[in-house]
Every structure is written in structure tokens, then in C-alpha cells.
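The values are calculated or read from the model by the stated rules, or taken from the named source; none is laboratory data. Source: prediction; values computed, not measured. Every residue, glycine as well, gets a Cβ built from its backbone with ideal geometry; the counts of neighbours run over all protein chains shown.
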Amino acid sequence: MRDFLVNMKKRPIIMIFTALVTALVCFAVQFNPFTKEFGSLSRIFKTDYPQLLTDIAEWLKGRATDPSLLATTLAIAFLSVLGVSIVCGLFASGFSYVMYVNTYNGIHRVTKKRKTGSLFREGVNKRFWGMTGYIFVSIIAFALIVFLLAYINMPMAISISKFLAGDTSQILPMILLVAVVLVVMFFVIMFYSMYVSYMMPSIVAFKKGAVRVAFKLVNSYCWYLIPRTLLFLVYNFVIEVALLALGYGHANTTLSIIVFAVNFVLRTIGILYYTHYVFKTYIEMKEDMFDEA
């Protein structure tokens, strides 16, 4: 904690940048049609999950059977993700470079301090395209994982629905199915989160081979990294459940503003601490691994 506070004090731009990005994301997540529709626990529990997935599948099927519509949809999706990746890559490359240098200097007690603006420009010049590609692939991978996990969960949702409706004949298969699905989901989400997290400092540290090094470090130190990564995910999950319990998607104007402010503060604190932890442990693991080699 002390290292975290010292590093944040040295580079307040890290806190300012993180706060601005978090505010934009929190605003976009809270004030959109999807949250207005499903932004409460009562609404989620009332949703017919299998039917919702069936409707989505039919929507996708309708576009897949029309080549021109499919091409248009894919082109719009590709350009949208690419545009977001370029904008995010511009800022993320500079931010991550500042974060890496600041964390490295803190670990090695380097007293010489370069101007933040100079570091930010250097990060953009050196790592813009690498960071843009990283963000683009991360978004695509996230969408695919959400899609696959949603449909993997369908048999479990149907089984649970039957049990809640009074059909107790399949209770043991249901328990086994739920256990298997939860284990699969745990490791998929966990390793995706760790790979995505440690890819960012790796891109800063290595012009070539960044992906290979990040995967090697995560795979080698996974049991060391899982507890903190899990804590970060649980922290955000608890916040999201609390927001849904408050029905933040259906809240009035005053409550919406209060919820937004609390959500923004809690998310910013969590992201700042976890980002510092990722960069710090990445540098330590990289040096430990390559020193041993």
C-alpha cells in the first residue's frame, strides 16, 4: 500500500487519467438502453434466459442468411471496434508507459525524474500500434468469450428452471452440470483477465515478443496471481450486484447521480490499486524469470 501511495503521489496524472476514463465508462454503462431495461435484480430474475438467447440466435441467423446485411453488420462492427481501439490505444500507450516507468523507478529507487509529458509522448511514439492491436484483440476476445459462456450456460439455466418449477428428478445431474459450468467459467474468466492485465506492461517492456512473455509469466506464476486477480473481480462483482440491488437502471434522477458518484469512486480506487499491482508484479516477475535464465 505504501508503494502504491508513493507512486501515485509522484505521478498524479495517473490518478487523473484513470479517474477520467473510469467516469466515462461508468457513465456509458449506467446511462444506456440496455441498463434501463435490465438494470435491476428483479428484472434480471424475471428474464427468461433461454428465450433471450434464442432471440439473439434468431437475430444473428437473420443477418447470416442475407449476405449483404451480414457484410454490412460485420463491417460496422469491425470499424467500430477499430475506431475505439485506435482512440484507446493513443491514450493507453502513453499512460501505460508513464505507469511502467514510474513503477520501475519506485521498485529500484531511481531518483531521477523525467517530465510526465515527455514520457507520455515517448510511450505514444513507441507503443501506439502495439497497444492499439492489443485493445482490438482484447475486445474481440471478450465478445467471443461472453457469447460462448452465454450459450454454455443455457443447459444449466434450463436445468435450474426445471428444478425451481418442481422437477426434482434431475437434481444430481443438475448439481454436476452447475459445478462443471462454474469451474469452466472460473478458469476462462480468470485467465482472460490475467492475460489481458499483464499484456499491457509487457507491450511497454518489449517491442517484440511481448505476447509470448506475458503468456509465459502468467502461466508460470498463475497460482501466485490468481488470489489478487480474483479479489479484484469479486470486488467489482460485489459493486455490480449492489448497483443492481438498488435498481440503478430504473432509478430516479437524484438516486442515479448518487449511485453514479459512489460507483465512480469505488471503481477508480479498485482500478488504480489493481493496475499498480499488475505493473509492479510484472516487473518483479520479469526480472526474477530472466535473472534465473
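Tabulated results
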| read-out | value |
| --- | --- |
| Matching residues in region 104-132 - criterion: being part of a helix (DSSP H, G or I), of a type in the set (A, V, I, L, M, F, W, C) and more than 22 Å from V84 (Cβ to Cβ) | I107, L119 |
| Count of region 201-241 residues which are surrounded by 15 or more Cβ atoms within 10 Å (Cβ to Cβ), touching a residue at least 60 places away in the same chain (Cβ under 8 Å) and charged (D, E, K, R) | 1 |
| Residue check for I135: touching a Cys at 6+ places or on another chain (Cβ under 6 Å), under 27 Å from V87 (Cα atoms) and either aliphatic (A, V, I, L, M) or in contact (Cβ under 8 Å) with a residue 60 or more places away in the chain (or both) | yes |
| Candidates R127, R109 - the one that is over 20 Å from the mean Cα position of the chain (by Cα), modelled with pLDDT under 85 and among the basic types (K, R) | R109 |
| Qualifying positions in region 155-207 - within 24 Å of the chain's Cα centre (by Cα) and basic (K, R) | K207 |
| Any hit, region 155-168, residues being over 30 Å from T47 (Cβ atoms), without any contact (Cβ under 8 Å) to a residue 12 or more places away in the chain and not in a loop (DSSP other than H, G, I, E, B) | no |
| Residue ID - nearest to P33 (Cα to Cα), chosen from residues in region 242-259 that are without any contact (Cβ under 8 Å) to a residue 12 or more places away in the chain and part of a helix (DSSP H, G or I) | T253 |
| Where a residue in region 13-34 is under 17 Å from F95 (Cα atoms) and its partner, wherever it lies, is among the small types (G, A, S), with Cβ under 7 Å and at least six apart | none |
| Cβ pairs under 7 Å, 6+ apart, first in region 90-116 and in contact (Cβ under 8 Å) with a residue 60 or more places away in the chain, second assigned to a loop (DSSP other than H, G, I, E, B) | V98/R11; N102/R11; T116/R11 |
| Residue within region 45-60 that is under 14 Å from G247 (Cα atoms) and not in a helix (DSSP H, G or I) present | no |
